[in-house]
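Following this message is one structure expressed as structure tokens.
The values are calculated or read from the model by the stated rules, or taken from the named source; none is laboratory data. Note that this is a predicted model, so its numbers are computed, not measured. Note that we place each Cβ from the backbone using ideal geometry, even for glycine, and neighbour counts take in every protein chain shown. The accessibility values were calculated without ligands, DNA or RNA, using every heavy atom of the protein model including side chains. Shrake-Rupley method; radii C 1.70, N 1.55, O 1.52, S 1.80 Å.
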Amino acid sequence: MAQSNELAESPQAPEALKISVIGCGYLGAVHAASMAELGHEVVGVEVDVEKAEALAAGRVPFFEPGFEELLRRSLASGRLSFSPDMKAATGAAVHFVCVGTPQRRGEYAADLTYVEAATSSLLDVLGPGELVVGKSTVPVGTAARLAALVAERVPEAALAWNPEFLREGFAVQDTLHPDRLVYGVADGGPVDAEALLDRVYARIVADDTPKVVTDYATAEMVKTAANSFLATKISFINAMAELCEATGADVKQLADAIGHDDRIGRKFLNAGLGFGGGCLPKDIRAFMARAGELGADQALTFLREVDNINMRRRIRMVELARQVCDDSLLGKRIAVLGAAFKPDSDDIRDSPALNVAAQLQLQGASVRVTDPQALPNVRRQWSQLDCVDTPEEAAEGADAVLLLTEWRQYKELDPAAFGAVVRTRRVLDGRNALDREAWEAAGWTYRALGRRNA
Ligand code: NAD
């Protein structure tokens with residue numbers, strides 16, 4: 001699967017470099033193909049042999065809009081290859097580390113096992129003048145520690161931290177047209193990391209993309225601070241939703257009204273079931289854990305509340321379902337529309353939708369889950385849940401329909417036709433995404449988090 005170590009000879013890309021990307025999951029696979037799109041010769045190193053083989057054959061092992069075309073184009077250019085063997089990274093000028101940093105079992109802290117293992121095997125092939133670039137989200141202090149390892153083993157090589165801000169669902173666009181570049185670099189040293197990264201991102205830099213060049217600690221913190229801010233914004237509006245539920249006010253109108261103030265802005269103020277996925281929840285927890293280790297835990301105690309508010313929304317959704325089902329879930333048929341943690345992704349890591357579906361089932365409901373892309377992952381990891389392919393199958397004979405991931409397909413359902421398959425026309429809009437008036441006009445009882453009842 002690997003190809004030659006020679007620098008790609010490409011007349012369109014005189015600045016082309018040989019690049020390795022270690023870890024080809026949601027972040028790394030898109031990064032590898034995007035770097036080839038920018039003209040570089042790229043090898044993706046992925047320990048999961050099946051995943052490496054699928055990618056090498058142009059098959060995308062996850063759902064990401066636009067990625068399959070990009071992958072196939074990059075493979076066809078001859079500039080992209082994949083290998084399960086770290087030796088394939090030999091001779092690359094830049095090595096991007098894109099492995100996972102999940103939450104440690106039973107703790108808040110990040111599990112750095114994969115970053116450490118990947119760096120350690122990379123050191124066996126790292127050559128002088130080469131640059132290791134961390135893209136994984138790591139606790140502050142990790143880059144300095146890894147840089148010391150690099151300096152000890154290959155003194156003429158160096159390390160930089162270049163956090164990634166891509167959003168699943170927009171990963172290709174965000175990688176090729178990021179809203180900013182952040183380089184965490186060491187002062188001095190054997191490699192001019194900024195110049196090398198500018199060469200990697202030449203086309204992006206030429207687009208006048210804002211660039212922040214800083215130290216390791218700031219670069220690491222930019223990522224966790226950004227995610228903490230976004231999580232806080234979501235939990236803020238969800239806290240307002242709790243109050244709206246207590247007062248009879250309407251959170252959607254409230255968000256529209258405060259969002260008109262451009263210091264606040266309307267984005268990320270959609271009240272609903274809250275955030276999940278492979279980043280926000282574990283990143284805010286790892287940030288709190290790291291602050292504790294640094295003796296600065298007070299600075300981030302508010303994130304505990306952000307996390308609590310977020311988790312409470314899931315419980316509230318289950319309560320709301322019980323309420324509309326005449327105060328008992330036992331034996332009720334519930335249709336769950338959406339399983340991915342967000343639309344346009346098949347990622348079910350810490351998915352609020354699945355969390356709610358499982359709680360409903362535990363409380364005696366008969367639950368049917370559907371999702372346009374995530375069902376293979378659900379069937380693999382949540383075998384206790386009953387999965388069906390279409391919203392109509394999920395809703396057949398249902399006592400209530402819950403919209404838990406706001407896929408376009410579900411927002412565009414015709415409430416009149418869809419109403420024909422259910423037993424009772426009750427819809428719970430967990431994402432405040434449906435056209436309430438249209439559903440009510442079709443005879444549905446509509447309920448949503450933080451919204452006034454009709
Ligand atoms: P992922 O689990 O989808 O991918 C990680 C990949 O690394 C897996 O395919 C795994 O098999 C591979 N891997 C593990 N150890 C390896 C090794 N030693 N050598 C080669 N491959 C190895 O995770 P992800 O979502 O791509 O996230 C990766 C990192 O990027 C995390 O730190 C995450 O927080 C961060 N991040 C993710 C996103 C996102 O939207 N997914 C966005 C920004 C940052």
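Using 0.36 nm per residue, how much length does the chain from D250 to D124 gain when fully extended, once their Cα-Cα distance is taken away?
Between D250 and D124, full extension yields an extra 39.5 nm.
In addition: Out of the DSSP beta bridges found with both residues in the chain, what percent are antiparallel (nearest 5)?
Antiparallel bridges: around 5 percent, rounded to the nearest 5.
Right, another one. Evaluate the distance, in nm, between pseudo-label points positioned 7 Å from the Cα of L362 and of R72 along their respective Cα→Cβ axes.
Distance between the two pseudo-spin positions: 4.3 nm.
List residues of segment 140-171, by number, whose backbone nitrogen lies under 13 Å from a label position 7 Å along Cα→C-beta of A438.
Within reach of a label on A438, which here means backbone N under 13 Å from a point 7 Å along Cα→Cβ, segment 140-171 contributes nothing.
OK, next. Per residue, how much accessible surface does segment 160-310 expose to a 1.4 Å probe? Answer in Å², no decimals.
I get 47 Å² per residue for segment 160-310.
Along the positive direction of the dipole of the chain (beta-carbon charges: Lys, Arg +1; Asp, Glu -1; about the Cα centre), which of P391, V427, P84 reaches farthest?
Among P391, V427, P84, the one farthest towards the positive end of the dipole of the chain is V427.
Something else now. Would you please give the FRET efficiency between R452 and A151, computed as 1/(1 + (r/R0)^6) with r the Cβ-Cβ distance and R0 = 41 Å, to the nearest 0.05?
0.10
Moving on to the next point. Taking θ as phi - 60°, what are the ³J(HN,Hα) couplings along segment 72-78 by the Karplus curve (6.51, -1.76, 1.60), each to the nearest whole Hz, with x for Gly and Pro?
5, 4, 5, 5, 5, 5, x
In what sequence, highest mean first, do 378-385, 294-301, 362-369, 394-401 appear when ranked by Cβ atoms within 10 angstrom?
Packing proxy ranking, top to bottom: 394-401, 362-369, 378-385, 294-301.
Could the peptides 270-280, 36-46 be put in order, highest first, of the mean number of other beta-carbon atoms found within 10 Å of their residues?
36-46, 270-280
Mind giving me the nanometre distance, one decimal, between the label points for R59 and A144, set 7 Å out from Cα along Cα→Cβ?
Inter-label distance under the simple model: 4.6 nm.
Now for a separate question. Along the Cα→Cβ direction, 7 angstrom out, place labels at S328 and E393. What is the inter-label distance in nm?
Going from the S328 label point to the E393 one covers 3.0 nm.
Residue by residue, what Karplus-based ³J(HN,Hα) values in Hz, rounded to whole numbers, does segment 110-124 have, using 6.51, -1.76 and 1.60 with θ = phi - 60° and x for Gly and Pro?
Rounded to whole hertz, the list is 6, 8, 9, 3, 5, 5, 5, 5, 5, 5, 5, 6, 5, 4, 5.
Where the accessible area of segment 18-214 is counted over protein heavy atoms with a 1.4 Å probe, how much of it, in %, is carbon and sulfur?
After summing per-atom areas, the C and S share lands at 51 percent.
Once you have a ≥ b ≥ c as the square roots of the Cα gyration tensor eigenvalues for the chain, tell me rounded if a/c is under 1.5, and otherwise prolate or oblate according to whether a/b is larger than b/c.
Prolate.
E107 to F165: FRET efficiency via 1/(1 + (r/R0)^6), r the Cβ-Cβ distance, R0 22 Å, to the nearest 0.05?
0.30
What is the gain in length, in nm to one decimal, between F302 and I258 on full extension, counting 0.36 nm per residue of separation less the C-alpha to C-alpha distance?
Full-extension gain reported as 13.7 nm.
Specify the angular offset, from 0 to 90 degrees and rounded to the nearest 10, of the alpha carbon long axis of helix 352-362 from the longest principal axis of the alpha carbons in the chain.
Relative to the chain, helix 352-362 is tipped by roughly 50 degrees.
Separate question: Out of Q361, L273, Q298, whose Cα points farthest toward the positive end of the dipole of segment 253-366 (charges: +1 Lys, Arg; -1 Asp, Glu; placed on Cβ)?
Toward the positive end, the furthest listed residue is Q361.
Checking the a/c ratio against 1.5 first, then a/b against b/c, what shape does the Cα gyration tensor give for segment 169-304?
Cα axes put segment 169-304 in the oblate bin.
Further question: Using Cα positions and a limit of under 13 Å, work out the aspartates and glutamates in reach of K233, with same-chain residues fewer than 8 apart set aside.
Once the sequence-local aspartates and glutamates are set aside, what remains near K233 is E305, D307.
What angle, in degrees between 0 and 90 and rounded to the nearest 10, separates the Cα long axis of helix 26-37 from the longest principal axis of the Cα atoms of the chain?
Helix 26-37 sits roughly 50 degrees off the main axis of the chain.
Using alpha carbons only, how many degrees (0 to 90, rounded to 10) separate the axis of helix 301-324 from the longest principal axis of the chain?
The angle comes out near 40 degrees.
Quick one: compute the contact order of the chain, relative version, from alpha carbon pairs under 8 angstrom and 6+ residues apart, as a percent.
Relative CO of the chain lands at 12 percent.
Restricting to bridges with both residues inside segment 18-214, how much of the DSSP beta-bridge set is antiparallel, in percent to the nearest 5?
So the antiparallel bridges in segment 18-214 amount to around 5 percent.
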